[in-house]
Structure formats: structure tokens, C-alpha cells
Amino acid sequence: MEIVVTGPSGKLGGALVRLWQGEHIVHGLGREVLDLGKPNELARALENYSFDAIVNGAAMANPEHCENNPEEARRVNTESPAALARICGERGARLVHFSTDYVLDGSREGLKDEEAPVHPLNEYGRSKLAGENLVLEEHAESIVCRVSWIFGTEPGGFLESFLARAGRGEELQAVEDKFSKPTCVTEIARVVLALLERGDLKGLFHLTHEGAPESWWSYASKVLGFAHALGLLEELKEVRRQKMADAARLQVARPIHTAMDPARLRAELGGGGGSWQEAARARVQELLE
């Protein structure tokens, strides 16, 4: 398969390029070639590339930055994904577009499947939800994958940065009243290829592991437990609980309960990706080695 991956210098796009190279022909097209801030120029930028699919790993994902720069957020998260879908439709290719759990209505506890209500609270969520809708309007054969709390990337995400802080002996705290699901990037890479190999699958998927919701606090505490058991940390560090309202870095409203249930993946692909805990243990072992 010949695949264009956007955002190869980012965490998700870079990981997908690394994981797929050698197995497929992968074109990692960075901003210098494919600038999602300029949606009207994307078709021309892709003229000299052949591809069976575009996997859109690029986004403006910082909620505070999106809130302060709404027009840029709309170009990157809404207009450019729609343009990529239109290009794929014209060229007989598939698009895989990544979205976020931040589009969901987070007012109620529990897991949310693909039929769950949406109600984004910030410009990041609004721009991503509009992107989802336009992608599927422009090219009905597209696939939209909502993802959350990705780990296993380079540079690392929450898991890797939290372990680094623990290793430096820093005081550790994590938010206890925001709930979602950690997801390993290797599982994302596996599932996206499985979806692309099935020509009959399209539309919206919640791409995460099976399992119960986690808070940032429970996630961090479990990861530290894995690291201590595997010998990466000599001492099992205590993580202080923090309220989301007291976290100074979180200046923009975020939905509380957005843990996703991969219902369609379970029905269509039969699951098989294992738990996030198994993947996190493997990631900790990888960091140890």
C-alpha cells in the first residue's frame, strides 16, 4: 500500500511513519510540503504524489492555542481535512482522519460509543467536530478515528513525561477528576492498516483499547507501579491528587467524562489489541532497555 502521512514531525504522524516504513511505501509530508494552514494549496502540493490512502496525523491539538487562534484552528482542523477528503475522492483513494474524544458530551460517567452525544466545550473540540462532519460529507468512503491520551511516541506523551519526572525526583501530581482512556500508538497503527485493508469499512470509529475509564491520576499511578515492578524506578513514588480546576496549565474548559468504547472496532474487527495496561508495561520495558 502507498500511504501519505501528514504531520511526520509530530508525535502521531512520526510514529506512524516509523511503524509502517518497510512494510508499505510511506510518504511523510511535513509542513514544508503540505501545510494544513493553507487548505487551498493542498491539491497542488499533492499533484506529484501517488497514494492509495492519506492518513492525516497533523492537527492543531493544544486547546489553549486553539482558543486563542480560532481561525487557524479552523483552517488546520476543519478546512484542510475536508480538502484532503475531497482530493481523495477525486483520486479514488481513502482518507483516514484523526479526531478526538474532546468532541463528546462529557457530562455523564461511563464509556461512550460512536453513537454517544457530542457537545464540545472549547474551540479545539468544535473545530475537530466540524472537521469530522466535513470529511464524511466530502468523501463518504473516509474513515474518522477518534483517539485519546496517546503514548509510545517520540517525543513521548503523558506516560513518558511522567516517568521522566519521577526519575528526576520531582514532586508528582495528576488530575483526578478528568476521565478518558490511554491508547498505545502501536495499536493505532495496527488498527488503521486493518481498516484500510477492509474496503467495506468507513465512517466513525472510536480507536482505543478496551477497558474502564481512567483519570490522569489513576493512569499515572498505574504507570509508576509498572515502572517500579520492572525496575525502572527504585522507589514507588506517590502521586498527589489534583483537581482540574486547580491545574494552572488547563486554562480552557475541558469535558470531564470522555472515555471511549471501541464498539465498532469490536464488531467489525473483533478486537484483539489487548489492554492499555499490557501496552503500557511493554512501553515501560522498552524505555528500560
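If the requirement is being in a strand (DSSP E or B), at pLDDT below 95 and not hydroxyl-bearing (Ser, Thr, Tyr), which of these qualifies: 174, 229, 166, 245?
None of the others qualify; the one that does is 174.
If you go through the stretch 137-174 one residue at a time, how many are under 15 Å from residue 217 (Cβ atoms), aliphatic (A, V, I, L, M) and either free of Cβ contacts under 8 Å to residues at least 12 places away in the same chain or touching a Lys or Arg at 6+ places or on another chain (Cβ under 7 Å) (or both)?
Residues in the stretch 137-174 being under 15 Å from residue 217 (Cβ atoms), aliphatic (A, V, I, L, M) and either free of Cβ contacts under 8 Å to residues at least 12 places away in the same chain or touching a Lys or Arg at 6+ places or on another chain (Cβ under 7 Å) (or both): 3 in total.
Residue-by-condition table, conditions (1) assigned to a loop (DSSP other than H, G, I, E, B); (2) in contact (Cβ under 8 Å) with a residue 60 or more places away in the chain; (3) surrounded by fewer than 20 Cβ atoms within 10 Å (Cβ to Cβ); (4) in contact with a strand residue (DSSP E or B) (Cβ under 9 Å, 6 or more places away or on another chain):
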{"position": "201", "(1), (2), (3), (4)": "yes, yes, yes, yes"}
{"position": "205", "(1), (2), (3), (4)": "no, yes, no, yes"}
{"position": "208", "(1), (2), (3), (4)": "yes, yes, no, yes"}
{"position": "219", "(1), (2), (3), (4)": "no, yes, no, yes"}
{"position": "223", "(1), (2), (3), (4)": "no, yes, no, yes"}
{"position": "233", "(1), (2), (3), (4)": "yes, yes, yes, no"}
{"position": "250", "(1), (2), (3), (4)": "yes, yes, yes, yes"}
{"position": "253", "(1), (2), (3), (4)": "yes, yes, yes, no"}
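Taking the criterion of being among the basic types (Lys, Arg) and part of a helix (DSSP H, G or I), would at least one residue in the stretch 4-13 satisfy it?
The answer is yes, given that some residue of the stretch 4-13 is among the basic types (Lys, Arg) and part of a helix (DSSP H, G or I).
Do you know which residues across the stretch 1-41 are without any contact (Cβ under 8 Å) to a residue 24 or more places away in the chain and within 19 Å of residue 86 (Cβ to Cβ)?
The answer is 33, 35, 41.
Given the criterion out of contact with any strand residue (DSSP E or B) (no Cβ under 6 Å at 6 or more places or on another chain), surrounded by 15 or more Cβ atoms within 10 Å (Cβ to Cβ) and of a type in the set (Lys, Arg), identify the matching residue among 264, 281.
281
The values are calculated or read from the model by the stated rules, or taken from the named source; none is laboratory data. Owing to the predicted nature of the structure, the values given are computational and were not obtained by experimental measurement. Virtual Cβ from ideal backbone geometry, glycine too; neighbours counted across all protein chains shown.
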